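Scroll down for the structure; my scribbles are underneath it.
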Amino acid sequence: MGSEVFFRPFATGRWVGPRTDHFDGTRFRNQADAEHESLGGVLKWIANRDMGPWERIDPPPGPKPPERVREGVRVTFVNHATFLVQLGGLNVLTDPVWAERTSPVGFAGPRRYRPPGLRFEDLPPIDLVLLSHDHFDHLCEETTRRLAAHAPVYVTGLGNGALLRRFGIDDARELDWWDETEVKGARVVFAPAQHFSGRGVGDRDRTLWGALWLEADGTSVYFAGDTGMGPHFAETRARLGAPDLALLPIGAYRPEWFMSRVHVNPAQAVEAAQILEARVSVATHFGTFQLADDGMREPVEDLEEALAALGDAAPDFRVLREGEPELLAFASAERLSFRRGHAPPPARPAKPARAPTPSHALTRVEAAAISRIFSAE
């Protein structure tokens, strides 16, 4: 029992182990009953592309982070799904990608439209990496090999360990949904998500995808990874409680008939924040790589519209600029900010608890073809 590396045609992973309620002995499956469709959906999408505008921008990187943060939570959005989270003396990266392309080759595949918000050379010592799944825009070989010099602990889903060790990571901990491990006093739980996996041909769903829950220094952080809407948000809230900080994806959602099974739209991300009852939510998975038809700024605009529609009932859901650090002090529910020297705004009044009211009617999409086209999503 364990993970293996095989080639289809690029190095990929697979899990070998007993059957479970979400593993048939060969492939994993989501909690919701949503099968991959035929190639017809992909052809329909290609024939009807309606892509929003993207433009190359080249802003300077953000300031070099401190080596350690002892008070509060310092969050820096690097790009796409990559964050540097510093809390309790622990330095954590989520789905780290610094490469120019999210592809197995350097000459093709989605190319970044903006540089990373932090220079790789400016990173502090990395203790822990939270890896949600194996798609190229989340598990980057080039970045992983560079990070090996930090000797971090990687926590990820079943089947990814052998590939990570091939990329130079000595301590790769593979977890099933709801399994947990401890890293330097921090608790890490691997939780369900609504997605899929694969890096080549014939390796679809051979490794497990998921979200990650981190508890350190009295603060809880939920990293959703990549996900569509599903029952896992309510289950996570029931099992683990309400996170202080939730990192939730908002991009790569158009066309929704095609993408909705594996990617939430911004309004659904707001709904997820409400279900989780997160104290603060931060947007991820937008603005760097063009993986779907939504434009570069469209996810943020749609998020703002969804929040405005809720008025005073809207959750605290923020969009951070790449490279610009945000300091959160959850003990006092006060927001501290480095943003251009502005004084922190008044803390929001406490809101009454809301009962989860998810809508889990999911549109079936052609997920089987997404990674073949993009070699990623």
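A short reminder: the numbers here are calculations on the coordinates, not readings from a lab. Treat the numbers as computed from the prediction; the structure is a model and nothing was measured. Positions of Cβ are generated from backbone atoms using ideal geometry, with glycine treated the same way; all protein chains shown enter the neighbour counts.
For the stretch 217-237 and the stretch 187-215, compute the distance between their C-alpha centroids and round to whole Å.
Computed from Cα coordinates, the inter-centre distance equals 13 Å.
One quarter of the convex hull surface, Cα atoms only: what value does that give for the stretch 135-200 in nm²?
That works out to 4.8 nm².
With labels modelled as points extended 7 Å from the Cα through the Cβ direction, what inter-label distance (nm, one decimal) is found for E4 paired with K64?
Spacing of the two 7 Å Cα→Cβ label points: 4.6 nm.
Per DSSP H run of at least 4 residues, take -39500 (n - 2.57); add these up for the chain, divide by its residues and hand me the 222 nm value, nearest 500 deg cm²/dmol. Please report the intermediate quantities before stating the final value.
Numbers: 8 runs with 66 residues, N = 377.
The helix contribution divided over the chain gives -5000 deg cm²/dmol.
Around R68, with a cut-off of 12 angstrom between Cβ atoms, what is the net charge of the other residues, counting Lys and Arg +1 and Asp and Glu -1?
Once positives and negatives cancel, what remains is -1.
If you line up the Cα atoms of the stretch 277-333 on their principal axes, what length do they span on each, largest first, in Å?
Computed over the Cα atoms, the extents are 40, 29, 16 Å.
Quickly rank 96-106, 251-261 as a protection proxy: mean count of other C-beta atoms within 10 Å, highest first. Spell out each step's value before the answer.
Working: 96-106: 19.0, 251-261: 23.3.
Packing order, densest peptide first, comes out as 251-261, 96-106.
Quick one: Cα convex hull volume of the chain, Å³ per residue?
Taking only Cα atoms, the chain has a hull volume of 132 Å³ per residue.
What are the extents of the Cα atoms of the stretch 39-181 along their three principal axes, listed from largest to smallest and rounded to whole Å?
That gives 52, 37, 27 Å along the principal axes, largest extent first.
Within 10 Å, count the other beta carbons around each residue, average over each peptide in 290-298, 241-249, 120-128, 190-198, and list them highest first.
Top of the packing list down: 190-198, 241-249, 290-298, 120-128.
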